1. What are the residues in segment 159-181 that are surrounded by fewer than 19 Cβ atoms within 10 Å (Cβ to Cβ) and either more than 15 Å from residue 124 (Cα to Cα) or in contact (Cβ under 8 Å) with a residue 12 or more places away in the chain (or both), if any?
2. Does residue 152 satisfy the criteria of being hydrophobic (A, V, I, L, M, F, W, C), in a helix (DSSP H, G or I) and exposed (fewer than 15 other Cβ atoms within 10 Å of the Cβ)?
3. Going through 10, 60, 32, 46 one at a time, which residue ends up being over 18 Å from residue 112 (Cα atoms), modelled with pLDDT of 85 or more and not aliphatic (A, V, I, L, M)?
4. Kindly evaluate residue 74 against the criterion of being crowded, with 16+ Cβ neighbours inside 10 Å and within 29 Å of residue 126 (Cα to Cα).
5. Which of the following residues is under 30 Å from residue 184 (Cα atoms), surrounded by 14 or more Cβ atoms within 10 Å (Cβ to Cβ), of a type in the set (Val, Ile, Thr) and touching a Gly at 6+ places or on another chain (Cβ under 9 Å): 118, 93?
6. Quick check on segment 34-46. Is at least one of its residues outside any helix (DSSP H, G or I) and closer than 30 Å to residue 175 by Cβ?
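The values are calculated or read from the model by the stated rules, or taken from the named source; none is laboratory data. Worth saying up front: this structure is predicted, and the values here are computed from it rather than measured. Here the Cβ positions follow ideal geometry from the backbone for every residue, glycine too, while neighbour counts run over all protein chains shown.
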Amino acid sequence: MSAAQTSRLRSSLLVLAALLIAAGASSWALLRSLPPFEAGDLEVLRSFPPSSLQQLAAQRDVLKGYAAESPAAVAAGFCAAYLLMQSFAIPGTIFLSLLAGGLWGVWRGSALVAVVSTLGSCSCYCMSWAVGQPLAHALWPDRLDRYAAEVAARRRELLNYIIFLRVTPILPNTFINVASPIVGVPLAPFALGTLLGCLPNNFFAVNAGSHLSGLRSLSDLYSTKLVGLGVTVGVAALMPIYLQRRAARNGKQTNGKQA
């Protein structure tokens, strides 16, 4: 890495660190402005992200009791935490999705998680567009080049491609969030593809969170029916790409015969 590249990387890291500190301070100020928790309840919440499903169930119970008195405060704190973690790729959003199911049920919880996870991904996208290129090239030089080639080859079907990537585990979500603006994926197909493509996985987690007592481990999130739903969505996202390419090949063959 040249001196100029090192300097750009250092500047990028400093800006990202400043943004993280500012976002964390804002979230902390919001949480401090909410009605106070009981001392014992606060100790339960301090163990987030939990190390077990039992801890998660205890946190859900605390927040349920708190939400009975201050529903808007719980929703605001949840959204702030999810946005912060998703924006800066902080592990643990799966536990927030589980909590959403326990707090708001399957449908309202899924809707809330869909919105905040998409907004958090878009926030990560925008930060990467502004200052993330040096860091992305330092972390994933080869993978970034391959992703750029895939995006260029699918320029006319980017929405379906992003949906497919979100549904399948081919690329990590953090990489998609950071790399997409750098390789030229516009924000609109990125946002819509993220919203639609993440729906199955978000639904899996929220649905499981609505009956935490029935879970033995996180692997129980993925029942056969729900995994089948995810595969179906992935195949459906690829079908327009396949049909368009097939039509293009048939058109070329027809033109060749006529010539």
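1. 168, 169, 170, 171, 174, 175
2. Numbers: hydrophobic (A, V, I, L, M, F, W, C): yes; in a helix (DSSP H, G or I): yes; exposed (fewer than 15 other Cβ atoms within 10 Å of the Cβ): yes.
Taking the combined requirement at face value, the residue satisfies it.
3. Exactly one residue qualifies, and that residue is 10.
4. Numbers: crowded, with 16+ Cβ neighbours inside 10 Å: yes; within 29 Å of residue 126 (Cα to Cα): yes.
The answer is yes for residue 74.
5. Result: 93 is the single residue among 118, 93 that is under 30 Å from residue 184 (Cα atoms), surrounded by 14 or more Cβ atoms within 10 Å (Cβ to Cβ), of a type in the set (Val, Ile, Thr) and touching a Gly at 6+ places or on another chain (Cβ under 9 Å).
6. No, every residue in segment 34-46 fails to be outside any helix (DSSP H, G or I) and closer than 30 Å to residue 175 by Cβ.
Residue by residue, here is whether (1) of a type in the set (D, E, K, R); (2) more than 22 Å from residue 17 (Cα to Cα); (3) at pLDDT 90 or above holds:
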residue: 133; (1), (2), (3): no, no, yes
residue: 152; (1), (2), (3): no, yes, yes
residue: 166; (1), (2), (3): yes, yes, yes
residue: 180; (1), (2), (3): no, no, yes
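Residues are listed down the side, and each one gets a yes or a no for (1) under 23 Å from the mean Cα position of the chain (by Cα); (2) in a helix (DSSP H, G or I); (3) over 26 Å from residue 172 (Cα atoms); (4) free of Cβ contacts under 8 Å to residues at least 40 places away in the same chain:
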| site | (1), (2), (3), (4) |
| --- | --- |
| 6 | no, yes, no, yes |
| 13 | yes, yes, no, no |
| 17 | yes, yes, no, yes |
| 60 | yes, yes, yes, no |
| 74 | yes, yes, yes, yes |
| 96 | yes, yes, no, yes |
| 103 | yes, yes, yes, no |
| 114 | yes, yes, no, no |
| 120 | yes, yes, no, yes |
